[in-house]
Structure formats: C-alpha cells, structure tokens
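**Q** Below you'll find the structure I mean.
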Amino acid sequence: MNDARATGSATELDENFMRLALEEARAAACAGEVPVGCVIVQDGYILARSANRTIVDCDPTAHAEMIALRAAAHAAQNHRLGGTTLYVTIEPCTMCAGAILQARVDRVVYGADDPKGGAVRSCFAVFDHPRVNHRPKIASGILADEAGALLREFFEARR
C-alpha cells in the first residue's frame, strides 16, 4: 500500500490517479506491450498498479486490470474489493469487466473509449445487464485525449 494518502477534489483525484495509470501505460509501451495502465485505490491509498503484460508473460489474460485486481486482492487480503476505485487508461474489455464485477469494485474510472472491444458502453454494456448483481459507478473520459493518443501512437509506429 502507498504510504501517502491522496487528498483533493474528486475530479482532481481522478486526474491524479489517471496520470499514474498513464505512467503504467507508457511503461507497457516501452516493453512492447499495448499501452494500457491501471491503478486501484482504496480510501485514497494505492492498493495496486500495473501495466499490460500479455506479451511478456505469454498470457492472454494479463491485461493491466487483471494484474492489478490480483495484486489489490492480495494486498487487501480479500477477493472482494469493496470500497475501491479502479482507474484504467482505456475502457475495460469483457474479460476485465467480468473480473471487476467478481471483485465488487465500487467505481471504475477510465480514459478513452474502446470502440473495438469496450465492455462498458462502446461495444457492450456488461455492467448494465439486468442479471448482473453488482453495478460499479462509472466515470469516463478522464484524460481521454492523452490515453487515446498513447494508443494511436503505439499502433501507428507498428504499421
């Protein structure tokens, strides 16, 4: 857990934690991974932070959110992460949205929409399904331009 407790307005805090997620995304890009970063916070403290590791780990489930959820659950000593906010640079996919539901994350804050696979609103609305027993609060578009540009630049460099 991070020793420093973050303070400030909700918008300011969201931007500060999203900047940390963007740092993780940049680290992923430097490692040749798709630049996605995630930070999980509880009561103003960072429980976990991670970047995509699918290529490095040869693991299709090693998305930033999945790695951060595992680390946060370990740090909290609980598979349920109530009272947490998950910050991620791009809209979660269906796999990550399912894990977010299973962990009972209270709030999801993401940067850019993902028109090719987003499961919050772009392609799917996993959290809105009538049979889902947990609905996290959602905030989107936090530093979206920066998050989107990071992804565009990464893929343009590979074409």
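The values are calculated or read from the model by the stated rules, or taken from the named source; none is laboratory data. No experiment lies behind these values; they were computed from the predicted model shown. Cβ coordinates were reconstructed from backbone atoms using ideal geometry, including for glycine residues, and neighbour counts include every protein chain displayed. Surface areas here come from the heavy atoms of the whole protein model, side chains and all, with no ligands, DNA or RNA. Shrake-Rupley method; radii C 1.70, N 1.55, O 1.52, S 1.80 Å.
**Q** Taking the Cα centre of segment 64-159 as origin, sum charge times position over the Cβ atoms of Lys and Arg (+1) and Asp and Glu (-1), and report the length of that vector in debye to the nearest 20.
**A** 400 debye
**Q** With a sphere of radius 12 Å drawn around the Cβ of residue 27, what net charge do the other residues whose Cβ falls strictly inside it have (Lys, Arg +1; Asp, Glu -1)?
**A** 0
**Q** Ignoring ligands and nucleic acids, what accessible area does residue 140 show with a 1.4 Å probe (Å², nearest 10)?
**A** Number for this one is 40 Å².
**Q** If you don't mind, there's one more thing I want to ask. Please work out how much accessible surface residue 58 shows to a 1.4 Å probe, ignoring ligands, DNA and RNA, in Å² rounded to 10.
**A** My reading of the accessible area for residue 58 is about 120 Å².
**Q** While we're on this one: Considering the values [x] 119; [y] 104; [z] 138, which represents volume of the Cα convex hull per residue in Å³ as calculated for the structure under consideration?
**A** [y]
**Q** Just by accessible area at a 1.4 angstrom probe, what is the order of 53, 70, 107 from largest to smallest?
**A** Heavy-atom accessible area, descending, gives 70, 53, 107.
**Q** What residues qualify as long-range amide H neighbours of residue 139, i.e. H under 5 Å apart, gap of 5 or more or another chain, H built at 1.01 Å from N?
**A** 108, 109, 110
**Q** Here is a follow-up. Defining a contact as two alpha carbons under 8 Å apart and six or more residues distant in sequence, what relative contact order in percent does the chain show?
**A** 19 percent
**Q** Among the helices of the chain (complete DSSP H runs), which have Cα atoms covering no less than 15 Å along the helix axis and a Kyte-Doolittle mean of at least 0.0?
**A** Counting only whole DSSP H runs, the qualifying helices are 64-76, 144-157.
**Q** Further question: Ordered by packing density, taken as the mean number of other Cβ atoms within 10 Å over each peptide's residues, highest first, how do 16-22, 142-148, 124-130 rank?
**A** Peptide ranking by packing, descending: 16-22, 142-148, 124-130.
**Q** Whole number in Å², please: accessible area per residue of the chain, 1.4 Å probe, ligands, DNA and RNA not counted.
**A** Normalised by residue count, the accessible surface of the chain is 51 Å².
**Q** Can you pull the percent of the chain's accessible area that's carbon plus sulfur, 1.4 Å probe, other chains left in place? Could the numbers behind the result be given before it?
**A** On the way: 4110 of 8060 Å².
Carbon and sulfur: 51 percent of the exposed surface of the chain.
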